[in-house]
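The values are calculated or read from the model by the stated rules, or taken from the named source; none is laboratory data. Because the structure is a prediction, the values reported are computed rather than measured. As a convention, Cβ positions derive from the backbone with ideal geometry for all residues, glycine included, and neighbour counts pool all protein chains shown.
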Amino acid sequence: MFEYKRIALAVSLVLMTTACSEASKQEATSATAEQQTAAEPAQQETQQSESEKANQLFEDIFMENVMRSPMYQSYLGIKDDQDKWDDISEEQAQEDLALQKKHLQQVLAIDESKLDEQTKISWMLMKQKLENEIADFKWRHYNYPVNQMFGLHSSVASLLINQHGISSVDDAEDYIARLNGLPALFEQLGENLELRAEKGIIAPKFVYPYVISDSKNIITGAPFDDGEASALWADFTKKVENLEIEEDQRDALLAAAEKAMLESVKPAYENLIASVEAIAEQADTKDGAWKFPEGEAFYNNALQRTTTTDLTADEIHQIGLSEVERIHEEMRGIMKDVGFEGTLQEFFVHMRNNEDFIYPNTEEGRKRYLDEATAYIDNMRGRLDELFINKPKAGLIVKAVEPFREKSAGKAFYQQPSMDGTRPGTYYANLYDMAAMPTYQMEALAYHEGIPGHHMQIAIQQELEGIPKFRRFGRYTAYSEGWGLYTEKLPKEIGLYKDPYSDFGRLAMELWRAVRLVVDTGIHAKKWTREEGIDFYVTNTPNAKSDAVKMVERHIVMPSQATAYKIGMNKILELREKAKTELGDKFDIREFHDVVLGSGPVPLNILEQFVNDYISEKKSA
């Protein structure tokens, strides 16, 4: 990792009067130097002491928050409260706010001037994080707790299947306790939905069929009915079958789980579905955050948090339009290279409808896709030394999105490894509709979600030494997604994307993120409709219309989130170009990447300062 120099301490020597002899001056200077030398260890000890105190505080704050969230504990691989769900009540939210205010006072009590440089960065990030969380408390209801992208209705099942391992009887009993805990959790969820409805924060009509369908999927199949095993039952039975325990003990666990599913899980979902159906009757077709009370202020704040910049909605909209035009021009070059005669829009239609780029909607087609995506990642793994100094230790697997959530889930996403690295990172590919996963985009998508993209960044982040956990497990969307998009382009610079159609796919993916800037701001700031957003995607990209529908619906339920990718990528490229220009022959791409990844996720302005420090130090060296 690139080491940042400590700021030198300014030391002033007491000047002797001109009446002193030269010998007296030398004697006085020598005495002062001895005093300074004697003082330095004390100053360093004070600095070390204050830094240790600060870092311990950061650890305490992080773990105090983790231990208030049994679900986050499971994502991190901590089993302390794995028989419980999170408390999502208003009372808990108020307690969280009080805790954040207490933590901020503790952070402000630290003497920043006595901290070493890395701890100063941590102090500043923690302070900013807490200040933002406190300021954003007023917006805590400005979201949709259940929607087609995420929500407890699907995440509880996903957590049990993917994070709640069963390696002992205790683990199995904790799983059953969580099944029995669903009614209370979903009761709180229903209260949250009603509270938002009272405030006029209701998701548009299109959201509810997805939520209801996903919820019904989870309670379809055995033991809920006579069909094949449901996702939860198949998961629990498989995990318990692998335990080395007596048969009667296994039977008792299976019986307890079946009882919990029938008497707790099923009624919990049925009650939730009824609550969602009642809220759906109040829904309209207005899509943007502008419809909320103080909606404009909320969206502007969301853009600032997502991009970690002061860019306005209008500025982001214009950046998107400019990037769309630039990428279109590059695509025309590839269109000529492959000998296509016609307009770019005609080429889009050709790519969209060309069956040669779509694997069959069969198990064989899905397996082929996963195998080839894995092969791209494996090949890239073998080239990492050309681009990186540090590489992740945690493993990576490629997996299809589970059937119970594939219809509504996104195209692809990444799930982090466990805290101890024993559970690998996972690149999820959504293979529900193979037409939405054309093979010409496969290479870029594998790099983005896997290596050198999210897995590279997040696994390295979690494995960093010498920085507190809140930075090792924290997120800044513009940084993380900017890195993911940047790493779609990076392999081209070492000779990959040999197939021009794959290179077109890379540009198509970048274009997709540029269009996001236009459509997100269009919907939430310029009052575009869902249909206008879909039309813009279909007209300006080669993706299937089903992609456009999913993406616009994602914009609607996650205001600002999709602006992070292109804004973050642009900043990383801008900083890399600056370093190359100023350093010339001294520029080393491996060192640059170490600077970007070596301190974990940070706001883009802090990343810029890191790169500036690297440039200055490299020049002086």
>> Among the residues of the stretch 226-250, what is the count of those that are under 15 Å from ALA260 (Cα atoms), of a type outside the set (Phe, Trp, Tyr) and buried (at least 19 other Cβ atoms within 10 Å of the Cβ)?
In response: 4
> Which residue out of TYR486, TYR497, TYR447 is surrounded by fewer than 22 Cβ atoms within 10 Å (Cβ to Cβ), over 30 Å from GLN56 (Cα atoms) and in contact (Cβ under 8 Å) with a residue 12 or more places away in the chain?
Replying inline: TYR497
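Here's the yes/no breakdown for (1) more than 25 Å from GLU330 (Cβ to Cβ); (2) at pLDDT below 95; (3) more than 18 Å from the chain's Cα centre (by Cα):
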position	(1), (2), (3)
VAL549	yes, yes, yes
SER560	yes, no, no
TYR565	no, no, no
VAL602	yes, no, no
> Residues of the stretch 546-577 being more than 17 Å from GLY522 (Cα to Cα) and touching a residue at least 60 places away in the same chain (Cβ under 8 Å), which ones?
Replying inline: SER546, ASP547, GLY568, MET569, ASN570, LYS571, ILE572, LEU573
> Could we say that LEU125 is modelled with pLDDT of 95 or more and of a type outside the set (Lys, Arg) here?
Replying inline: yes
>> With the requirement that a residue be part of a helix (DSSP H, G or I) and of a type in the set (A, V, I, L, M, F, W, C), what does the stretch 111-125 give you?
In response: ILE121, TRP123, MET124, LEU125
> Is it fair to say ASN570 is crowded, with 18+ Cβ neighbours inside 10 Å and of a type in the set (S, T, N, Q)?
Replying inline: yes
> Going by the structure shown, is ILE219 hydrophobic (A, V, I, L, M, F, W, C) and in contact (Cβ under 8 Å) with a residue 60 or more places away in the chain?
Replying inline: no
>> Any residue at all in the stretch 396-411 that's under 27 Å from VAL602 (Cβ atoms), surrounded by 16 or more Cβ atoms within 10 Å (Cβ to Cβ) and of a type in the set (A, V, I, L, M, F, W, C)?
In response: yes
>> Whether any residue in the stretch 295-306 is at pLDDT 95 or above, in a loop (DSSP other than H, G, I, E, B) and either of a type in the set (A, V, I, L, M, F, W, C) or under 26 Å from ASP520 (Cα atoms) (or both) is what I want to check.
In response: no
>> What's the total number of residues in the stretch 317-357 that are part of a loop (DSSP other than H, G, I, E, B) and either touching a strand residue (DSSP E or B) at 6+ places or on another chain (Cβ under 8 Å) or surrounded by 15 or more Cβ atoms within 10 Å (Cβ to Cβ) (or both)?
In response: 1
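For every residue, the table says whether it meets (1) at pLDDT 95 or above; (2) surrounded by 22 or more Cβ atoms within 10 Å (Cβ to Cβ); (3) not in a loop (DSSP other than H, G, I, E, B).
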site: ASP170; (1), (2), (3): yes, no, yes
site: ALA184; (1), (2), (3): yes, no, yes
site: GLY190; (1), (2), (3): yes, no, yes
site: LEU195; (1), (2), (3): yes, no, yes
site: ILE201; (1), (2), (3): yes, no, no
site: PRO204; (1), (2), (3): yes, no, no
site: SER215; (1), (2), (3): yes, yes, yes
site: THR220; (1), (2), (3): yes, no, no
site: PHE224; (1), (2), (3): yes, no, no
> Among ALA394, ALA373, ALA400, ALA435, which is the only one that is closer than 19 Å to ALA157 by Cα and out of contact with any His (no Cβ under 6 Å at 6 or more places or on another chain)?
Replying inline: ALA400
> Would you pick out the residues in the stretch 284-294 that are outside any loop (DSSP other than H, G, I, E, B) and surrounded by fewer than 16 Cβ atoms within 10 Å (Cβ to Cβ)?
Replying inline: LYS291
>> Tell me whether the stretch 254-266 contains one or more residues that are within 27 Å of LYS205 (Cβ to Cβ) and in contact with a Phe, Trp or Tyr (Cβ under 9 Å, 6 or more places away or on another chain).
In response: yes
>> Looking at (1) outside any loop (DSSP other than H, G, I, E, B); (2) buried (at least 16 other Cβ atoms within 10 Å of the Cβ), which one does GLN128 not meet, given that it meets all the others?
In response: (2)
>> I'd like the residue in the stretch 358-373 that is surrounded by fewer than 18 Cβ atoms within 10 Å (Cβ to Cβ) and either touching a Phe, Trp or Tyr at 6+ places or on another chain (Cβ under 7 Å) or touching a residue at least 40 places away in the same chain (Cβ under 8 Å) (or both) and, out of all such residues, is nearest to PRO500 (Cα to Cα).
In response: GLU372
>> From the list TRP512, TRP528, exactly one residue is under 30 Å from THR285 (Cα atoms) and not in a helix (DSSP H, G or I). Which is it?
In response: TRP528
> In the set THR312, THR308, which member is β-branched (Val, Ile, Thr), at positive phi and outside the structural domain of VAL211 (by TED's automatic domain parsing)?
Replying inline: THR308
>> Taking the criterion of being in a helix (DSSP H, G or I), free of Cβ contacts under 8 Å to residues at least 24 places away in the same chain, crowded, with 18+ Cβ neighbours inside 10 Å and not charged (D, E, K, R), would at least one residue in the stretch 80-100 satisfy it?
In response: no
> Given (1) surrounded by fewer than 21 Cβ atoms within 10 Å (Cβ to Cβ); (2) part of a helix (DSSP H, G or I); (3) of a type outside the set (A, V, I, L, M, F, W, C); (4) within 19 Å of the chain's Cα centre (by Cα), where does GLN457 come up short, assuming only one miss?
Replying inline: (1)
